[in-house]
Amino acid sequence: MKTKHLCPILLACLTLVALQGCSDDLDNIDTNNLNSENVFNNEEGYVQFLAKLYAGLDQTGQQAPTGQPDLIGFTEGSSSYIRLWWNLNELPADELKWRYNDVGLREISVHSWTPENDFFSVIYSRIFFQISQANEFLRQTASDVLDSRGASENLRSEINIYRAEARFLRALAYFHTLDLFGGNVPFVTEEDLPGAFLPEQTSGPELFGYIESELLDIEDQIIAARQNEYGRVDRGAVWTLLAKLYLNAEAFINQNRYGDCITYCDEIINAGYTLEADYANLFKADNNLSTEIIFPVTFDGINSRSFGVMYSLINGTLDSNIIQSDPDAFGTNTGGFAALTAKESFVDLFEFPGDDPFMNSPDVRASFFFKDGHSVDLPSEPVGSSFQEGFAYTKFRNLRSDGSPGQSSDFPDVDFPLFRLADVYLMYAEAFIRGGGGSEAEALSLINLIRERAYGDSSGNVASLDLDFIIDERGRELGWEGHRRTDLVRFGNFTGNNYSWDWKGGAQNGTSISDHLSVFPIPVSDVSVNPNLTQNPGY
């Protein structure tokens, strides 16, 4: 694997960050001074290594919020895995604008990117750093290696669970390469020993099959749904990733797997998860209490401070004027950095009485901020535009559900809900409409449960479903949660001219873009050094 941008592999220098919200084994572990000589000297080393894999979804180095970075040559503060993934699924889509000229983001916002864009190198390196760590964990926990260390049977039993979780995290990373890069990426597992070699390129169908087989294999090895420690993977997360894989199979590899999507949605629906009664509480500092969240990326304002996605989604949606208008409403006093506002196409998804967006919407998900001269219009290209172009969207707040602030006014405690139950309800309904089987009555019931929470009563209920409704409802329910580009691609709305939005293709009112842009290019820095790699078509 190319390691130009990577620090030496994990075991060369390992200082771990504990996960916020986890108890027992994964919380408050001593992670100082670990290295290849002593990391497995005691049983605690295995769970410390596992903690590093989970922390890799958010943390960017060995000293939060910056310090001893995992990736060399990139700005550490903006190289968090989930923040990078979120950027690529939101900035080129129809929900929001980012107004600062970070390296490579202007081109991504207006669909003019090329393989030379450094941003692709960052996300690509981050994903493969995560994969390399998972591979090393699996090597170090292989049966023959444990034999050589004299591992006890009790420890082996625990390690088998850890290995299943590591395989899930690796499958998730490969799923992201399938979504972002079409799966045409270097492929390495624990069977490929570390060293100087040029990995072969896999294909979308091959990688799809690998992810599917890994998830099916670990399904019965991993802890049952809702029984693992908070923040760790359980069977519900496995089922959700399988459902997502099958829902997108037609877009990914031109296969209809909607029936399989229904199967795994049913597993999740029957596993005891429940919708959060108050929608707003899903995005607050104590959302770890929610029984709707299936798998979070955890954040902690004290113990694992981060400039990751939640820092952006809270502080980036505010400026000092908004905070001063209601100092207790957001859980931060940093002043905000005024980076993100909503595109008009996103605002238009919601219902406003008399079509006047300055009135209160009956839909609680329309959490827009209308003061301070904000306009729904985006007359300027997103990067470099005024914060007042576009409504502020204050869905994410560093407040607990009782209104008290998070631990820190600088770094949020809000966990990022990577998988949650309402998304599963929406997936079920979509797969039903696309011919995957299931029940029309069940699909309607699930959608109306979401709508009743949003409206507070049955006034928002619908009597029938179609795909146009589903793509809009996914926008309303899952707004700014990192799903949008993937959804638009699956619905055939991202490229071409079926659907336009502010600054699509670099035009103020939107214009058609080429179909090859539905996946991103393999970074030129990798293609140039590995003759086994072929660039994605169109680049």
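Could you provide, to the nearest whole Å², the per residue accessible area of the chain with probe 1.4 Å?
For the chain, the solvent-accessible area averages 35 Å² per residue.
Find the Rg to Rh ratio for the chain, where Rh is the Kirkwood radius over alpha-carbon pairs and Rg uses the same atoms.
On the way: Rg = 22.3 Å, Rh = 23.7 Å.
Here Rg/Rh amounts to 0.94.
How many angstrom separate the Cα center of segment 179-244 from the Cα center of segment 370-428?
Each part's Cα centre sits 30 Å from the other's.
Enter the accessible area of Asp466 (Å², nearest 10), with the probe set to 1.4 Å and all protein chains included.
80
If you rank Lys52, Lys371 by how much accessible surface each has, with a 1.4 Å probe, what is the order from largest down?
Lys371, Lys52
Would you compute the Debye intensity of segment 305-397 from its alpha-carbon atoms alone, equal scatterers and no solvent, and pass along log10 I(q)/I(0) at q = 0.18, 0.21, 0.25 Å⁻¹ to two decimals?
Here log10 of I(q) over I(0) equals -0.82, -1.08, -1.38.
Relative to the present Cα-Cα distance, how much length would full extension add between Glu153 and Ala277 at 0.36 nm per residue of separation?
Gain on extension, Glu153 to Ala277, equals 40.3 nm.
Which of the peptides 454-461, 111-118 is most tightly packed, and how do the rest follow, judged by the mean count of other Cβ atoms within 10 Å per residue?
111-118, 454-461
According to a simple spin-label model (label point 7 Å from Cα along Cα-to-Cβ), what is the distance in nm between Asp328 and Ile223?
The answer from the label model is 3.7 nm.
Mean separation of Cα pairs under 8 Å and 6+ residues apart, divided by the residue count of segment 104-258: what relative contact order is that in percent?
Over segment 104-258, the number comes to 19 percent.
Calculate the spin-label point distance for Asn360 paired with Asp402, positioning each point 7 Å from the Cα along the beta-carbon direction, and give it in nanometres.
In this crude spin-label approximation the distance works out to 2.6 nm.
Report, as a whole number in µm² per second, the diffusion coefficient that Stokes-Einstein gives for segment 184-292 at 20 °C and 1.002 mPa s using the Kirkwood radius over alpha carbon pairs.
Stokes-Einstein gives a translational diffusion coefficient of 132 µm²/s.
What residues have an amide H closer than 5 Å to that of Tyr393, excluding those fewer than 5 places away on the same chain, when H is modeled at 1.01 Å from N in the peptide plane?
Ala342, Phe369
If you fit an axis through the alpha-carbon atoms of helix 235-247 and take the longest principal axis of the Cα set of the chain, what angle between them do you get, 0 to 90°, nearest 10?
Around 60 degrees separate the two axes.
Taking 0.36 nm per residue of separation and subtracting the Cα-Cα distance, what length does fully extending Asn270 through Gln508 add?
Extra length from Asn270 to Gln508 when fully extended: 81.1 nm.
How would you order 469-479, 85-95, 337-347, 270-280 from highest to lowest mean count of nearby Cβ atoms within 10 Å?
Highest to lowest by the protection proxy: 85-95, 337-347, 469-479, 270-280.
Give the relative contact order (percent, whole number) for segment 410-493; include only Cα pairs under 8 Å separated by 6+ residues.
Numbers: 50 pairs, mean separation 22.4, N = 84.
Reported relative contact order: 27 percent.
What angle, in degrees between 0 and 90 and rounded to the nearest 10, separates the Cα long axis of helix 81-90 from the longest principal axis of the Cα atoms of the chain?
Computed tilt is about 30 degrees.
So what J values fall out for segment 280-289 if you push phi through Karplus, 6.51 cos²θ - 1.76 cosθ + 1.60 with θ = phi - 60°, rounded to Hz, Gly and Pro as x?
Once θ is set to phi - 60°, the couplings for segment 280-289 become 4, 5, 5, 10, 10, 5, 10, 5, 5, 7 Hz.
So which of Lys244/Lys371; Lys52/Lys504; Lys284/Lys343; Lys52/Lys244; Lys244/Lys395 end up more than 30 Å apart by C-alpha?
The answer is Lys244/Lys371; Lys52/Lys504.
With all protein chains present, how much of the accessible area of the chain (probe radius 1.4 Å) comes from carbon and sulfur, to the nearest whole percent?
Exposed carbon and sulfur together represent 45 percent of the surface.
Suppose the chain between Thr114 and Glu452 were pulled fully straight at 0.36 nm per residue; how much longer would it get relative to their current alpha carbon spacing?
Extra length from Thr114 to Glu452 when fully extended: 117.3 nm.
Debye sum, Cα scatterers, segment 438-499, no solvent: what log₁₀ I/I(0) at q = 0.16, 0.17, 0.21 1/Å?
-0.59, -0.66, -0.90
Hey, quick one: spin label on Asn461, modelled 7 Å out along Cα-Cβ, who in segment 358-388 has an amide N within reach, i.e. under 15 Å?
none
Report ³J(HN,Hα) in whole Hz for each residue of segment 195-201, in order, from the Karplus equation J = 6.51 cos²θ - 1.76 cosθ + 1.60 where θ = phi - 60°; Gly and Pro get x.
With the stated coefficients, segment 195-201 comes to x, 8, 8, 9, x, 6, 8 Hz.
The values are calculated or read from the model by the stated rules, or taken from the named source; none is laboratory data. Since the model is a prediction, treat every value here as computed from it, not as a measurement. Methodologically, a virtual Cβ is constructed for each residue, glycine included, from the backbone with ideal geometry; neighbour enumeration extends over all protein chains shown. All accessible areas refer to the heavy atoms of the entire protein, side chains included, with ligands and DNA or RNA removed. Shrake-Rupley method; radii C 1.70, N 1.55, O 1.52, S 1.80 Å.
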